[in-house]
Amino acid sequence: DMNLLDKKSLQMENIVDFHWSPKEALMCVYQGEANSGNQPARVSLVRIPSREEVKSKNLFSVKDVTVHWHPDGSYLALQVARFTKTKKSSYNGFEFFRVKERNIPMEVLELQNKQEKIVSF
């Protein structure tokens, strides 16, 4: 049986995608850019049932985001496709979250040569 939590929906705008942690009641929510790009895209980690946002990250010049959870839920990787300054092409980078650690530290990995493409992850 599926119902609203406390008879209320989770209020978030511009949701493009969401993914559940494979091991705990933690949801990764990807919200796209809003107001014609004036408001950046955003990724949030939300605990359920408390609805507490435990971590968030604004993402700029985003073309697409792909979410990858580690099977034990300890790590979250975001493959972020970003537009170049001219917006004529894009490049990939990664945002890594260490979910089980205090304050959920994160790291960013971007290729120095923006022309190189990540083919598989």
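Note that segment 16-30 has calculated 3J(HN,Hα) couplings of 9, 7, 8, 9, 8, 4, x, 10, 8, 7, 9, 10, 9, 10, 9 Hz, one per residue in order, obtained from phi through the Karplus relation 6.51 cos²θ - 1.76 cosθ + 1.60 (θ = phi - 60°); glycine and proline are x. For segment 10-121, the carbon plus sulfur part of the accessible surface works out to 48%, probe radius 1.4 Å.
A simple packing score, the average count of other Cβ atoms within 10 Å per residue, orders the peptides 103-110, 2-9 as 103-110, 2-9, with the highest score first. Per-residue 3J(HN,Hα) values for segment 77-93, derived from phi via the Karplus relation 6.51 cos²θ - 1.76 cosθ + 1.60 with θ = phi - 60°, read 10, 10, 8, 10, 8, 10, 6, 6, 4, 7, 6, 8, 9, 9, 9, 9, x Hz in sequence order (x marks Gly and Pro).
When the pairs Lys8/Lys63; Lys57/Lys100; Lys55/Lys88; Lys7/Lys100; Lys8/Lys100 are compared against a 22 Å limit on Cα-Cα distance, Lys8/Lys63; Lys55/Lys88; Lys7/Lys100; Lys8/Lys100 fall above it.
Per residue, the chain exposes 68 Å² of solvent-accessible protein surface, assessed with a 1.4 angstrom probe and all protein chains in place. Expressed per residue, the C-alpha convex hull volume of the chain stands at 128 Å³.
The calculated FRET efficiency for the pair Lys8 and Thr84, based on their C-beta separation and a Förster distance of 25 Å, comes to about 0.05. Ranking Ser61, Cys28, Ala77 by how far each Cα lies toward the positive end of the dipole of the chain (charges on Cβ) leaves Ser61 at the top.
The values are calculated or read from the model by the stated rules, or taken from the named source; none is laboratory data. Just so it is clear, the model here is predicted, and its values are computed rather than measured. Cβ atoms come from the backbone with ideal geometry, glycine included; neighbour counts cover every protein chain shown. Note: accessible area is taken over every heavy atom of the protein model, side chains too, but ligands, DNA and RNA are not part of it. Shrake-Rupley method; radii C 1.70, N 1.55, O 1.52, S 1.80 Å.
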